[in-house]
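The values are calculated or read from the model by the stated rules, or taken from the named source; none is laboratory data. Not measured: the values here are computed from a predicted model. Counting neighbours? That spans all protein chains shown, and the Cβs are built from the backbone with ideal geometry, glycine included.
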Amino acid sequence: MYAALLAALIAAPQPAPDTAVVCPLEFREALGPWLEHRRRQGHRPVLLSSDGSPAQIRQRIRAVARGGHLRFVVLVGDADPGLFVNSEFRARCVPTHHAKARVNVLWGSEPHIGTDNYYADLDDDQVPDLAVGRLTADTSEQLRQMVAKILGYERSADFGPWRRRVNVVAGVGGLGPLADRVIESSTKYLLTEGVPADYSMSMTYASWRSPYCGDPRLFHANTLRRLNEGAWFWVYIGHGFHLGLDHVEVPSGSHHIFSTDDVARLDCEHGAPIALFLACYTGAFDATADCLAEEMLRCPGGPVSIVAASRVTMPYAMSVLATGLMRECFEHRRPTLGEALLHAKRAMAGEADDHDRQRTMLDAVAAAVSPAPGRLSAERAEHLLLLNLIGDPLLRLRYPRRIELQVPSSVAAGEPLCVTGSSPVDGPGIVELVLCRDRLGFRPPARREYPQSPEGLAEFQEVYRRANDRRLDSAPVTVIDGRFRSVLDVPEDAHGECHLRLFIEGNGDFASAAADIAVERQPPDGLRSARR
C-alpha cells in the first residue's frame, strides 16, 4: 500500500527534508501510516538505512542536515543490546551511542551512558541541534500499535478535562538532606509555579505522614488510576530501576508503586499522557531486557511518549531539565514534544539566566550537594545524554485557546462571585474557585503513629481525596457566540489567596484561563450586623 511513498522517501524528496527517519527495512511498511500522516502535516521525511555503526548512521544524518532544513531525527527500532543477540533481531535494531560517564559514576552509575543525543549533535559539542526520539519496537506489530497510538492522540476529538490535567507521583528521596532539598524544591516549583493555575494537578506522595498519601497498601492502585484517568502530563519523581519504581516504606512493611508487571493494566480512559520519569534507569533502552519506558510505550493503553533516563540520574541536573521542560511547554508553547525537550536541553547546557529564580536557587544548593561541586556544568552536560525521548519527537502538543476573564481581584467570603468574559471556543465548561496549590482546605490529621486497623488506613484514602480537591465552589458555564456569564457562591469560611479558573470543552477545540483572587474573611457576626 505504501510502496510508492517509501520509494519516494528513500530518494530524498525536494525541497530538502526536515525529518530524518532511521528505519530498518522490516519496519518500513508498518511505519507507512505515520509517514503519510506527517507528510500531510507538511513535514518532509526521508528514510535512512539503519545498517552500520552509530558513527556511520550519524554521517547519513549529517549529510541530510547539509540541506539546511533538518529539524527532527526519528529512530525506529530498539537499541542493539549487544551480547547474545542473533543477527535477525539485530537487523531490526538501530544502535545507540555509548558515551563515557564522568560525573554520575560518582553516584554509582556504569562507566558508559546509552544515548541518542549523539544523533542530534551536528557539531560535536554534545549539545543537541535537532529534536530526536526513538520508537522502541521489537516487531512490526509493536510498531503498528505505537503508530496507531500517536495518530489517535493527534486526531483525538476528545477535548475534555484530561487536556488540562497534570498528575504527579513522588517517592521519598532518602538521598540525604541536601539532595532531598533539591528534589523537594523542584517538586514545589512544579506544583506552585511551573504549571499554570488553569491546569488541574494531583499529587500522590509515598510518605505515609503526608495528606497526599492514600492507603499505602493501595498506593500502586492510586498510581495506576492517575495514569488511566487521562492527563496531559504524568510525572514521577523518585527512585527508579530498570523494570520498576521504588517502594512505599511504612512501619508494617513495604508496598510497590509500579513496575513492568503492571503495564498490562494500563488503559487510559481518555488522552494517553506524556510520561516524565525523574528517576534512574527507567529509560535504560539499551539493556538486554526491555525497560519500563519501553514496555509502557508499546502498551496500547499506555503513555503516548516518555522522557526517561538510561542510567543513574543526579538530583540537580535532573531538576534543571524538568523545570526547563515545563517552561518550554507551558510558557513557550513549543509545537512538538521533541522541540520542547530540545530547547530545555539547550537551555540546561548554558549558565543560569539572571531572571530564572528557580535555576539560580538550584545552582546554589547543588554546589553543596554534588560530589563534584566544581563540575556542575559537566553534570548538566551528562544529563543531556542520560535523558532520552522514548517516543515520537514530532508529537504535536495541543494547547488551550486563551479566554478573557472579567473577575474582581478580591471577594468577601459568603458573597456571590460573578464571572464574565469572552472565549474563542463555544461550548460547555466549568468555572471553579480553587485554593492555591500550596494550601489545603482543611487541617489534615497529625500522623504521629502508623495505624494498624483497617479503619485507620481507610481514613488515608479520604484524606488523600480531600487533599487533591481544592475546589471551594464550581458551576457549569456555557459559551455562546463567544460570551459567558456565571455566578459562584464563595463559602463563608473561605479566606486567603485563591484562583478562579475556567475550562471550556468545544466541539473542535478547548480553551482555559485563570485569575488570582483574594477571598477576604467574613467579619464577626456583631460587626457584620453593624455594617448592615
Cβ pairs under 6 Å, 6+ apart, first in segment 310-339 and without any contact (Cβ under 8 Å) to a residue 24 or more places away in the chain, second of a type outside the set (Asp, Glu) and not in a loop (DSSP other than H, G, I, E, B): Glu328/Ala340; Glu328/His343; Glu328/Ala344
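I'd like to know if segment 199-217 contains one or more residues that are in the same structural domain as Arg327 (by TED's automatic domain parsing), part of a helix (DSSP H, G or I) and out of contact with any Cys (no Cβ under 7 Å at 6 or more places or on another chain).
Yes, because at least one residue in segment 199-217 is in the same structural domain as Arg327 (by TED's automatic domain parsing), part of a helix (DSSP H, G or I) and out of contact with any Cys (no Cβ under 7 Å at 6 or more places or on another chain).
If you go through segment 475-497 one residue at a time, how many are part of a strand (DSSP E or B) and either over 32 Å from the mean Cα position of the chain (by Cα) or not hydroxyl-bearing (Ser, Thr, Tyr) (or both)? Walk me through it before giving the result.
Filtering segment 475-497 for residues part of a strand (DSSP E or B) gives 475-480, 483-489, 496-497.
Filter once more, keeping what is either over 32 Å from the mean Cα position of the chain (by Cα) or not hydroxyl-bearing (Ser, Thr, Tyr) (or both): 475-477, 479-480, 483-489, 496-497.
The number of residues fulfilling the criteria is 14.
Return the only residue of Leu502, Leu472 being aliphatic (A, V, I, L, M), in contact with a Leu (Cβ under 6 Å, 6 or more places away or on another chain) and either in a helix (DSSP H, G or I) or at pLDDT 95 or above (or both). Show your work before the answer.
On the way: Leu502 fails: in contact with a Leu (Cβ under 6 Å, 6 or more places away or on another chain).
Residue meeting the stated conditions: Leu472.
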Can you pull out the residues in segment 317-343 that are surrounded by fewer than 24 Cβ atoms within 10 Å (Cβ to Cβ) and either not assigned by TED's automatic domain parsing to the domain that holds Thr282 or not hydrophobic (A, V, I, L, M, F, W, C) (or both)? Thr323, Gly324, Arg327, Glu328, Glu331, His332, Arg333, Arg334, Pro335, Thr336, Glu339, His343
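Being of a type in the set (A, V, I, L, M, F, W, C), surrounded by 12 or more Cβ atoms within 10 Å (Cβ to Cβ) and within 18 Å of Arg209 (Cα to Cα) is true for just one of Phe510, Phe460, Phe484. Which residue is that?
Working: Phe510 fails: within 18 Å of Arg209 (Cα to Cα); Phe484 fails: within 18 Å of Arg209 (Cα to Cα).
Of the residues listed, the single one that is of a type in the set (A, V, I, L, M, F, W, C), surrounded by 12 or more Cβ atoms within 10 Å (Cβ to Cβ) and within 18 Å of Arg209 (Cα to Cα) is Phe460.
What tally of residues in segment 420-431 results from selecting those that are part of a strand (DSSP E or B) and surrounded by 21 or more Cβ atoms within 10 Å (Cβ to Cβ)?
Taking segment 420-431 as the starting set, the residues that turn out to be part of a strand (DSSP E or B) are 420-422, 427-431.
Retained after the next criterion (residues that are surrounded by 21 or more Cβ atoms within 10 Å (Cβ to Cβ)): 429, 431.
Residues flagged as part of a strand (DSSP E or B) and surrounded by 21 or more Cβ atoms within 10 Å (Cβ to Cβ) within segment 420-431 amount to 2.
Across segment 360-377, which residue is modelled with the highest pLDDT among those that are part of a helix (DSSP H, G or I) and crowded, with 20+ Cβ neighbours inside 10 Å? It would help to see each step written out before you state the result.
Residues of segment 360-377 that are part of a helix (DSSP H, G or I), as a first pass: 360-369, 373-377.
Adding the requirement that they be crowded, with 20+ Cβ neighbours inside 10 Å leaves 362, 366, 369, 376.
Working: Leu362: 77, Ala366: 71, Val369: 63, Leu376: 85.
Taking the candidates together, the pick is Leu376.
Out of segment 344-353, which residues are free of Cβ contacts under 8 Å to residues at least 40 places away in the same chain and either in the same structural domain as Trp232 (by TED's automatic domain parsing) or within 17 Å of Ala131 (Cα to Cα) (or both)?
First, the residues of segment 344-353 that are free of Cβ contacts under 8 Å to residues at least 40 places away in the same chain: 344, 347-348, 350-353.
The answer is Ala344, Ala347, Met348.
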